[in-house]
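Below is one structure, written out as structure tokens, with a few remarks after it.
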Amino acid sequence: MKIFSTEQIRVADKLTIERQNITSDALMERAGKAIYNWMNRQLANSGVKIHIFCGVGNNGGDGLVVGRLLLEQGYDVNVYVVNFSDNRSQDFLLNFDRIKNLKYWPQLLTKNDDLPSIGINDVVVDAIFGIGLNRPAENWVAALITHINKSKAFVLSVDIPSGLYMDKAVGKNDAIIKSNYTLTFQLPKLVFLLPETGIYTEYWEVLDIGQDAEYLFKEPANENYVSKFDVLQVYKPRGRFSHKGNYGHTLIIGGSYGKIGAVLMSSEASMHAGSGLVTVFIPKCGYQTVQTAFPEAMVVTDKNEAYVSDIKFDINPSVIAIGPGMGKHAETVDAFYQFLLQNEKPLVVDADALNIISENKKLLPYIKGRAVLTPHPKE
């Protein structure tokens with residue numbers, strides 16, 4: 001599943017409106033209805049109190065659609081407009097009028113108003129800020145966000161927890177909604193998957209709002225989220241009479257004194273991923289550890305006791321991974337260089353080997369087009 005940038009998401013919206021010959025308001029109605037349908041399935045017309053906090057942009061417009069649909073079905077709803085700006089999106093204004101047509105007037109919140117009471121058993125819908133946020137919230141809005149977080153109510157965020165940015169790190173003192181569940185539109189957001197920002201939503205789910213399928217398919221993405229359903233598309237069931245020799249042979253090179261665990265875990269992961277055979281090339285100090293902790297692996301040792309110094313093996317692997325726990329001893333660097341000169345196998349370069357490459361640019365020509373770097377070096 002692709003992960004798009006803010007600009008790509010905006011293009012997706014624009015093309016959807018043009019190619020499907022709909023209005024931006026109709027697309028907002030889809031988004032709000034998708035949120036409403038999810039909530040209605042979970043709540044089943046229960047008597048829970050729902051507080052919807054809407055900003056004055058399109059994220060707030062989504063919130064107003066949700067509020068209107070819930071009110072029409074008899075839910076106990078309080079809708080608040082967090083009035084942090086005089087600039088309102090046209091679709092927000094349109095949906096503000098629609099909810100007033102139900103003879104319901106949302107409560108306008110300003111910096112001079114008291115914070116609304118929220119019960120621990122209530123539900124909060126967070127639709128204050130969307131993906132376009134690029135600066136911290138004003139002090140009084142930050143106080144509202146803190147108030148919502150302290151309420152211990154169940155918090156459902158629309159598209160993205162308010163206060164998060166799409167394309168930069170959060171500040172130490174930024175006020176951010178801590179969401180129990182985020183319902184995002186069409187594709188996941190990168191911030192859900194990073195340790196510094198993923199902590200602000202406990203769970204997330206992607207809702208399909210019918211964005212232009214051609215653009216979603218053809219537009220390249222810098223990041224991709226791999227889910228169970230993505231894996232199932234490439235999963236190959238094993239034959240009834242197959243054996244380990246039919247499923248490739250992985251060679252993992254790495255380890256050094258005190259750092260055998262990295263190459264050990266890599267070898268275990270390789271076999272769990274489906275490699276039929278796994279061989280580990282390590283310094284002599286790791287032989288007993290690997291053979292004891294993971295006897296399924298075959299072991300080839302370097303002539304050196306403490307680190308990799310001369311990469312030589314007499315097996316014919318299908319693929320090679322190099323780097324975990326390998327260290328950057330001078331002899332190791334030279335051995336890595338000599339290995340690259342003669343290697344013709346598919347190669348995954350990781351950990352210490354990647355650091356060696358970043359510090360020795362002369363190695364780059366020997367891996368370009370022949371290796372996968374993980375993670376990618378800065379250059």
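Remarks
- Apart from one condition, Ser162 fits all of (1) assigned to a helix (DSSP H, G or I); (2) farther than 25 Å from Leu15 by Cβ; (3) among the hydroxyl-bearing types (Ser, Thr, Tyr); (4) in contact with a helix residue (DSSP H, G or I) (Cβ under 7 Å, 6 or more places away or on another chain); the exception is (1).
- Among residues of region 26-47, those that are buried (at least 16 other Cβ atoms within 10 Å of the Cβ) and either more than 27 Å from the chain's Cα centre (by Cα) or part of a loop (DSSP other than H, G, I, E, B) (or both), counted: 0
- In summary, strands (runs of 3 or more DSSP E) completely within region 234-322 and bearing 2 or more residues that are more than 16 Å from Phe336 (Cβ to Cβ) occur at 249-253, 277-282, 298-301.
- Extreme residue, nearest to the chain's Cα centre (by Cα), among residues of region 332-347 that are more than 18 Å from Lys259 (Cβ to Cβ) and of a type in the set (A, V, I, L, M, F, W, C): Leu347
- Residue in region 68-83 that is open to solvent by 20 Å² or more (accessible area, probe 1.4 Å) and touching a residue at least 60 places away in the same chain (Cβ under 8 Å) present: no
- Taking region 99-134 as the range and being farther than 16 Å from Ile52 by Cα and surrounded by 12 or more Cβ atoms within 10 Å (Cβ to Cβ) as the test, the residues that pass are Lys111, Asp113, Ile131, Gly132, Leu133.
- Residues that are at pLDDT below 70 and crowded, with 19+ Cβ neighbours inside 10 Å, drawn from region 333-379: Ala371
- Taking region 45-67 as the range and being touching a residue at least 24 places away in the same chain (Cβ under 8 Å) and more than 18 Å from Ala34 (Cβ to Cβ) as the test, the residues that pass are Asn45, Gly47, Val48, Lys49, His51, Phe53, Gly55, Val56, Gly57.
- Among residues of region 135-175 being among the aromatic types (Phe, Trp, Tyr) and open to solvent by 10 Å² or more (accessible area, probe 1.4 Å), the one that is nearest to Ser117 (Cα to Cα) is Phe154.
- Selected residue (criterion: nearest to Val170 (Cα to Cα)) from residues of region 183-210 that are open to solvent by 20 Å² or more (accessible area, probe 1.4 Å) and part of a loop (DSSP other than H, G, I, E, B): Glu196
- Qualifying residue in region 229-249 (condition: open to solvent by less than 90 Å² (accessible area, probe 1.4 Å), closer than 28 Å to Thr332 by Cα and touching a residue at least 12 places away in the same chain (Cβ under 8 Å)): yes
- Set Ala26, Ala34, Ala12: member being among the aliphatic types (A, V, I, L, M) and in contact with a Leu (Cβ under 6 Å, 6 or more places away or on another chain): Ala34
The values are calculated or read from the model by the stated rules, or taken from the named source; none is laboratory data. Source: prediction; values computed, not measured. As a convention, Cβ positions derive from the backbone with ideal geometry for all residues, glycine included, and neighbour counts pool all protein chains shown. All accessible areas refer to the heavy atoms of the entire protein, side chains included, with ligands and DNA or RNA removed. Shrake-Rupley method; radii C 1.70, N 1.55, O 1.52, S 1.80 Å.
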